[in-house]
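Written out below as structure tokens is the structure these notes cover.
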Amino acid sequence: MHLGDITGVSREETRRWRRVALVLILIAGLGGPAGQTVDAAQPAEQSVPDGFVPMDDVPAEEQLPAAPLLAAAYIVVWVLAIGYLWTIWRRLGSVEKELAEALRRVGETDGA
Amino acid sequence: MKRFLQVAWLVVRKDLRVESRNKEMLLTTLFFAVSCVLVFSFGFVRGGEAIEGSASGVLWITIAFSGTLALGRAFERERHHDALRGLLMAPVDRPAIYVGKLVGVLLLLALVEALVVVMVAFLFQAPLFRHGWWLLTLLSLGTIGFASVGTLFSAMLLRTRSRAVLLPVLLYPVTIPVLIMGVSGTFALVQPEPDLVLARVWVSLLFFFDIVFVTLALWTFEPVMTE
Amino acid sequence: MSRRLFPWLIGLSLVFFVVAPILIVRAPLEQEMGLIQKIFYFHFSAWMAMYLGICVLGISSALFLFRRKPAVDRLAVSAAEAAILFGLMGLITGPIWAVKSWGVWWNWDARTTIALILELILVAYLLLRSYGGPGSDRLAAGLGMFAMANLPFLYISTNIWRTIHPPTSVVPTLPVDFGIPLWWSFAGFIVLCLALLTARVRLEEQRATLDRLYLALEDE
């Protein structure tokens, strides 16, 4: 079974889409946290009352301890989402294999 | 409506009559509750002084544990000899059977709680009777909330394989809000300066919770019990 | 239907998730919390996706209990799994944020507690389906409705109970610079949730087909 069974797309196209998806995932996954660590000190906008308030400048000690935690949080989200999709893919694969086997047996008994 | 109440009352009377013959459920549940409170007092009372705030927690946890025990056996008698099917086949409103069972459980828990409150007040030196009516309201509403969900789940799981284990697994997460509200309300009452305004908030929330969940239980009892 | 929908949904969610970090990086830093506040965009969105899952679970449970359509039951179990997944994301990103801005991993504040309780109810739902034996789909449907009924209490809790969690009124009054990455991430998570639902429903559909096939084979 391959992704094509879910998407209804041919094998070669699936392979191509898979490569594209992998590249995009890598860019997004790495680009986010990395970009934030670099762009941490940003000029802020005008302040607004209540709740979240944009700030003017970042004291140096604020940056480093938070960044690994932020990266960890985003990585966890990605890992969970992709992990779950992968478990669905795996389970679907085994069910479809059994399905093909059962169909074959039905075909045999019909033919016999 | 009158017929509904008549049927419910019939179910209650039946259970009371059967129970009065050997008093098994009553005595075992009472004994369990007593042991529970004692065990907690060994854990939380040091040198004659209870850990602050532990009384309200112990009270409600004991009610929850004893309640689960009682609920697990609420439909026990109907399991044998296909009595449940006979009950369900009767030409009555099914929810009336639910209400009858619920009232039976509430009566049992009322007796248990009467004993437990006295024990906790005594062992944990908690001024539980200072605002007796508030406490009574809190206990009544909380027990109704807990038992209404529990009676439904107990009926649901009657024919299930691992029902003894599944009942607490299903019941506790759904009724934790009841316990939180009960404990917080009781805590507000037993403080050196009782916070009656806060207690009223909890009582209102419990009342709201009860309305929602009793209605939901009445609504789902029929489809859940149908084959 | 799920076969057609899935590639679109997963593709769309990928677009959202690729652009989101760019928007989040460009969002201004928050005054009190600094860099760590940026977890908010995914944290809030994950919870919203969980709420969506629980709503779908509740509604499909009610429909299944009263109409008995198997397709609706498949949707219910898929929604439960998706809700557990997004709840897990929220429960992990939350303490990571909390340890930096509040100094504690977990503080039993009202909203986090009830979120944990909802997660427990969902796990109980799956346990009931796995170990409840025959007929557990109906019982689980009853439980699913109770899970949905608990939702309003989660929302009310933050406003009535004293809590150090940001009050719910933060989101509506959010300034635009914070709002754009938030609603973008929110949309991305919702689309991801829908994509996961379609994939999972497909799995259940195939399983049902397999069961029917086995039954047909036995009859021969």
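Every number in this text was worked out from the coordinates using simple rules, so none of it is lab data. Since the model is a prediction, treat every value here as computed from it, not as a measurement. With ideal geometry, Cβ positions are generated from the backbone for all residues, glycine too; neighbour counts draw on all protein chains shown.
Worth a mention:
- For the stretch C:201-220 versus the stretch C:100-153, the spacing of their alpha-carbon centroids is 30 Å.
- Remark: mean inter-chain Cβ contacts per residue of B:178-184 equal 2, using a 10 Å Cβ-Cβ cutoff to other protein chain atoms.
- Binning the C-alpha pair distances of chain C at 10 Å intervals from 0 yields a P(r) profile of 8, 29, 32, 20, 8, 2, 1, 0 %, listed from the shortest bin outward.
- For the stretch B:1-98, size of Cβ-based charge dipole, Lys and Arg +1, Asp and Glu -1, in debye: 540 debye
- Debye-sum result for the stretch B:67-191 in log10 I(q)/I(0), which assumes one identical scatterer on each alpha carbon, at q = 0.13, 0.14, 0.17, 0.18 Å⁻¹: -0.60, -0.68, -0.91, -0.98
- 0 to 90° range, to nearest 10: angle between helix B:132-156 axis and chain B longest Cα axis: 40 degrees
- Using a cutoff of 8 angstrom between alpha carbon atoms and counting only pairs six or more residues apart, the relative contact order for chain C works out to 37 percent.
- Chain B: Rg to Rh, with Rh as the Kirkwood radius over Cα pairs: 0.99
- Cβ-based charge dipole, the stretch B:2-225, positive-most Cα from B:ALA164, B:LEU115, B:SER56: B:ALA164
- Sorted peptide list for C:86-97, B:26-37, B:139-150, C:12-23, criterion being average Cβ within 10 angstrom, highest first: B:139-150, C:86-97, C:12-23, B:26-37
- Neighbour net charge for B:GLU78 - beta-carbon separation under 11 angstrom, K R +1, D E -1: +4
- Relative to the longest principal axis of the Cα atoms of chain B, helix B:196-225 runs at roughly 20 degrees.
- A simple packing score, the average count of other Cβ atoms within 10 Å per residue, orders the peptides B:73-80, C:199-206 as C:199-206, B:73-80, with the highest score first.
- Per-residue mean of foreign Cβ neighbours for A:91-97 is 4 (Cβ atoms of other chains, 10 Å radius).
- Degrees separating the helix B:163-190 axis from the principal Cα axis of chain B, which is the longest one: 40 degrees
- Net charge contributed by nearby residues that have their C-beta within less than 10 Å of C:LEU75 (K/R +1, D/E -1): +1
- Panel order for C:LEU182, B:LEU87, by other beta carbons found within 10 Å of each beta carbon, from fewest to most: B:LEU87, C:LEU182.
- Take each residue of peptide C:79-91, count the partner chain Cβ atoms within 10 Å of its Cβ, and average: the result is 2.
- Protection proxy ranking of C:33-43, C:59-69 - average other beta-carbon atoms within 10 Å, highest first: C:33-43, C:59-69
- Across q = 0.14, 0.22, 0.29, 0.31 Å⁻¹, the stretch B:1-47 modelled as identical point scatterers on its alpha-carbon atoms has Debye log10 I(q)/I(0) values of -0.56, -0.78, -0.94, -0.99, in the order of the q list.
- Reach of B:LYS2 by Cα under 29 Å, taken over lysines that are not fewer than 8 positions away in the same chain: B:LYS14, B:LYS101
- Stretchable slack from C:ALA208 to C:LYS69, in nm (0.36 nm times residue separation minus alpha-carbon distance): 48.8 nm
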